[in-house]
Amino acid sequence: MLEFKAGAREGTVMNRIAKGYSDTEIAAVAQHFAALGQTAAAGRVTPSALADACAACHGTDGMSPGAIPALSGKSAGYIARRMHEFRADVREGTVMNRIAKGYDNDEIAAIAQHLGNQ
């Protein structure tokens, strides 16, 4: 991620995502994923796979613990609007502004469609 952050490696969304994290945060992410071990590479990224990243904070069932907003019961339109607002820095967030910048319009639409009204 440090190479993505510095622009030494080209990526799709990783360069944009990595720029939003401190070196300490990147080290913590690397440590987490290193502990998971290796899995076989998947083919094309599906909307489900994109949305799976949301579950880490918003819960696998969309019912978030603590102060993190729940996604359960929200429409696809609502989720897409909020992600666009975070990406444009119109809405304040903790990490959502940085995360949303890592997705293009099509990816946001796919995530919102997948998560909407679940």
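Values in this text are rule-based calculations from the coordinates and carry no lab data. Quick caveat: nothing in here was measured; it's all calculated off a predicted structure. Reconstructed Cβ throughout: ideal geometry from the backbone, glycine too, with neighbour counts over all protein chains shown.
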(request) Choose one answer from Glu85, Glu107, Glu25: the residue with the largest mean-square fluctuation in a GNM of the chain with alpha-carbon springs under 10 Å. (result) Glu25
(request) For Lys19, go through the lysines and keep the ones whose alpha-carbon is under 24 Å away, minus same-chain ones fewer than eight residues off. (result) Lys5, Lys101
(message) Using a Gaussian network model on the chain with a 10 Å cutoff between Cα atoms, which of Arg82, Arg91, Arg16 fluctuates the most?
(response) Arg91
(request) Using +1 at the Cβ of each Lys and Arg and -1 at the Cβ of each Asp and Glu in the range 1-110, identify which of Gly102, Pro65, Gln31 lies farthest towards the dipole's positive end. (result) Gly102
(message) Projecting each Cα onto the charge dipole of the chain (Lys/Arg +1, Asp/Glu -1 at the beta carbon, about the Cα centre), which of Ala56, Ile111, Met1 comes out farthest on the positive side?
(response) Ile111
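Normalised by the residues of the chain, what does the relative contact order come to in percent, with Cα pairs under 8 Å and at least six apart?
26
How large is the charge dipole for the chain, taken about the Cα centre, if only the Cβ atoms of Lys, Arg (+1) and Asp, Glu (-1) carry charge, to the nearest 20 debye?
Working: 12 positive and 12 negative charges, 34 e Å.
That gives the chain a dipole magnitude of about 160 debye.
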(request) Among Thr24, Thr60, Thr46, determine the one that fluctuates most according to a GNM of the chain built with springs between C-alpha atoms less than 10 Å apart. (result) Thr24
